[in-house]
Each structure stands twice: as structure tokens, then as C-alpha cells.
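These notes are about the structure you will find just below.
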Amino acid sequence: MKGFKGAEDLNIQFGNVRIYNPKTTKLIKKYLLDFDDYEYFGSKNDDIHCNGAVTLDVIDSEQSKQEAISNLNQVLSFILSNQMDIKYPIKIETRSISIIDENGIQKGSFNEITEDDYNFEESSEHIKFIYNFYQSKIISELNSVDKQIIESLNWKKKAVESFNVNEKILWFWVSLENLMNDGNNKSSENIFYYVSKYLAIYQFYKFVWKHYGKLIDIRKQLVYNSFSTNDHKDLKELDSILRLDEINTKNNLLVYPLKEFIKNIDLIIDLIKAKFEKEELLYYQLDYLRSIFNNPDTLKKLLVDFENISKEKLLYVYRIRNKIVHNANTEENTLSEYYSDFISQASRLTIIQFMTKRQNKNLKTTESILNDILYDFNKLKLDIEIQGITVLYEQ
């Protein structure tokens with residue numbers, strides 16, 4: 001928990017939420033791998049942060065993760081409301097989460113890249129882009145789109161560096177408005193119409209990967225089990241279906257082929273049903289996914305649904321932005337933090353869209369870039385009608 005520190009013997013309970021110092025309190029009694037020490041989350045220095053632990057009845061790991069974060073945020077909001085002299089921002093670090101049972105035995109973990117990680121990693125790419133693309137030019141020679149990209153990068157930097165959630169929302173929105181200004185004073189309308197489209201494409205692919213990720217989590221559990229039981233049968237069967245026993249690695253990392261997951265979803269569902277009784281919910285989720293894969297109309301509807309959801313979220317952020325501008329919204333809460341992450345993602349993907357289309361296609365106006373964004377979205381819908389689920393094979 002970033003920014004939240006206490007005494008070494010800190011160990012306080014709020015209902016089903018516990019805040020503790022891992023130096024003196026150990027909740028994990030047995031790790032999946034003996035050489036790991038997940039309770040420190042990669043940091044053992046003297047300036048250790050506190051951990052948060054939430055007790056839940058777990059049915060679906062993804063849903064339970066979100067519920068745990070929500071419960072922990074509620075406790076933090078209560079603490080902050082009664083402690084007015086907080087000098088540093090407090091935030092839950094969700095990139096690494098451990099799952100343990102009632103006996104303290106580790107059953108799994110979440111490790112994922114957050115928007116903050118993306119922003120940090122891509123900052124070097126942004127610098128490289130600016131250097132490569134503009135190294136032979138002077139500022140006076142840049143066209144309007146070039147200048148918009150640089151200005152939006154600066155607004156995004158301002159948002160990333162801000163400690164205030166409302167400020168982040170405002171500056172991320174400004175970075176969007178700056179790029180979506182086509183000279184017709186329709187920045188907000190363009191945001192709702194165009195940004196929602198490539199956000200939909202992004203969520204469309206992420207939706208399938210998320211379910212595949214749950215399957216890979218099962219594979220990781222099988223790997224852990226094989227260490228202790230020396231039984232590799234189920235692991236080999238799953239790897240054979242996904243063809244993980246045949247593929248190469250990339251940059252010393254195992255590459256999971258989405259194509260094999262899609263092509264062999266029937267075999268995977270049968271395996272989950274027969275061998276993994278505790279994964280009944282995943283079985284039904286994969287069965288639902290199969291129904292989507294087998295129907296191009298349903299697949300296309302999924303893309304359109306993601307577009308509508310993104311549009312609604314952008315509209316909500318716009319309302320928050322208006323309240324902030326008119327000093328009607330100074331309170332920070334869990335909902336604001338959620339929409340801060342969303343608009344951060346929207347800003348990041350928008351800048352990438354403009355940088356890529358400017359550099360790779362040499363599009364020179366905002367209008368031409370927006371038209372190309374619309375073309376990409378309509379092309380994907382057409383490809384789904386013609387090719388069906390095979391459009392995802394190369395992802």
C-alpha cells in the first residue's frame with residue numbers, strides 16, 4: 001500500500017480487512033515455490049510498505065480480486081476521512097496480489113501490468129519517437145498534428161506526475177481534447193465518437209485474452225503441483241491441447257498462442273469439466289466464449305457493445321471533468337480513481353494511435369487520422385463478418 005506506513009507491529013482489523021506490516025506479521029505460511037517470498041511483494045528494504053489483506057469467499061478469482069480492492073479502498077477512505085494531516089498520496093498497489101486459503105497456504109497470485117506501468121514504460125518510447133521523427137526538423141517546420149502530439153505528451157506527463165486524482169482526470173482529458181481538435185470546435189464530440197472505437201477494439205481483444213489468462217493460471221497451478229507430486233499428466237494434456245509443448249520462446253519468455261486456444265476450445269472445455277471440478281465457473285465462462293466464437297453476428301455485437309460501453313464511460317468522465325473545471329467536485333473517491341485509470345488508458349491509446357498513423361502512414365491532418373481510425377473499426381467489423389473468429393488468430 002503506497003504511502004501508508006506504520007509501526008513495525010502494525011496489525012489492525014476492520015471487519016474483513018486487515019492492514020499489517022509484513023516484517024512482523026506473516027499471513028502466508030506456505031508458498032507455492034519455496035524460494036519465493038511473495039509477502040514482501042519484491043521489496044525487503046527498511047522502508048517497507050504495509051500490506052492489505054481481505055477475507056472473502058472466492059468463487060471467481062477475477063470478481064473476488066475486484067471485490068477485495070473495493071473493500072480495501074473503503075477502509076482507506078474511512079481512515080483518511082478521520083485523519084486530515086496526510087502529507088503523501090495513498091494508493092493500493094494492485095500489480096501483485098497473492099491468494100491464500102484459511103490455513104495460510106498460497107493458492108495462486110495475480111501479476112499484471114497497470115496503467116502506471118504502461119505510462120512509465122512508454123515514456124522512453126515517446127522520447128525515442130520524438131527524436132527519430134523530428135531529429136531533422138526544427139519546431140517551426142512541424143505541422144499542426146506534430147505539435148498536437150508533442151503538446152498531448154506534455155499534458156499526459158503532467159497527469160502522470162500529479163498526485164491528485166481529479167487533476168489526473170482533468171489533464172488526461174485535456175490531452176485527448178488537444179488531439180481531437182480538428183478545427184471545428186468538436187473536440188468532445190470527436191472523443192465520444194472516435195476514441196470509443198479504438199477503445200472497443202482494444203477491449204475486444206483483451207476480453208478473449210482475459211479468459212485465456214484464467215486458463216494459463218490453471219496451468220501455472222499444475223506446474224506448481226508437478227513440483228511436489230511429480231505428476232505431469234494433466235499438465236502435459238493441457239500443454240498438448242494448447243500446443244505449448246511445440247512452440248518456441250520469445251525473448252526467453254514462453255509465448256502463449258491465442259490461435260490454439262480458440263481452435264481447441266471444445267477440447268479445453270472437456271478437459272476443464274473432466275479434470276478440474278473446482279473450476280466449474282471457468283467451464284461456464286469458456287462455454288459462453290465458445291458460443292461467441294461460433295457466431296460472427298454475436299462476435300460483431302460484442303465489438304459494438306464494447307464501443308457503447310466505452311462511449312458511456314467517456315461521457316461520465318466528461319461530466320467529472322466539467323465538475324472539476326467549475327470547482328464542484330473536489331472530493332476524491334474510489335470511483336474517481338477507477339475513472340482516472342480508464343481515462344489514462346484512453347489518453348495512452350489515443351497518443352499511440354496518432355503517433356503510429358503519423359509515422360507509419362504519414363497522415364498529415366487530424367481529419368485524415370480520424371478517418372483512418374473509423375476505417376480500422378469498420379474494417380474489423382467487416383473482417384468479422386467474412387472471417388469470423390479467425391480474425392483473432394494473429395493476436
Practice task
Would you mind stating whether Asn378 is more than 21 Å from Trp209 (Cα to Cα), part of a helix (DSSP H, G or I) and at pLDDT 90 or above?
Solution key: yes
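Go through Phe163, Phe172 for me and flag whichever is of a type outside the set (Val, Ile, Thr) and surrounded by fewer than 17 Cβ atoms within 10 Å (Cβ to Cβ). Full working, then the answer.
Working: Phe172 fails: surrounded by fewer than 17 Cβ atoms within 10 Å (Cβ to Cβ).
Of the residues listed, the single one that is of a type outside the set (Val, Ile, Thr) and surrounded by fewer than 17 Cβ atoms within 10 Å (Cβ to Cβ) is Phe163.
So which of Asp101, Asp36 is surrounded by 11 or more Cβ atoms within 10 Å (Cβ to Cβ), farther than 28 Å from Phe163 by Cα, at pLDDT below 60 and of a type outside the set (A, V, I, L, M)? Walk me through how you get there before you give the answer.
Working: Asp101 fails: at pLDDT below 60.
Sole residue among the options that is surrounded by 11 or more Cβ atoms within 10 Å (Cβ to Cβ), farther than 28 Å from Phe163 by Cα, at pLDDT below 60 and of a type outside the set (A, V, I, L, M): Asp36.
The values are calculated or read from the model by the stated rules, or taken from the named source; none is laboratory data. Here the structure is a predicted model, which means the values were calculated and not measured. Cβ atoms come from the backbone with ideal geometry, glycine included; neighbour counts cover every protein chain shown.
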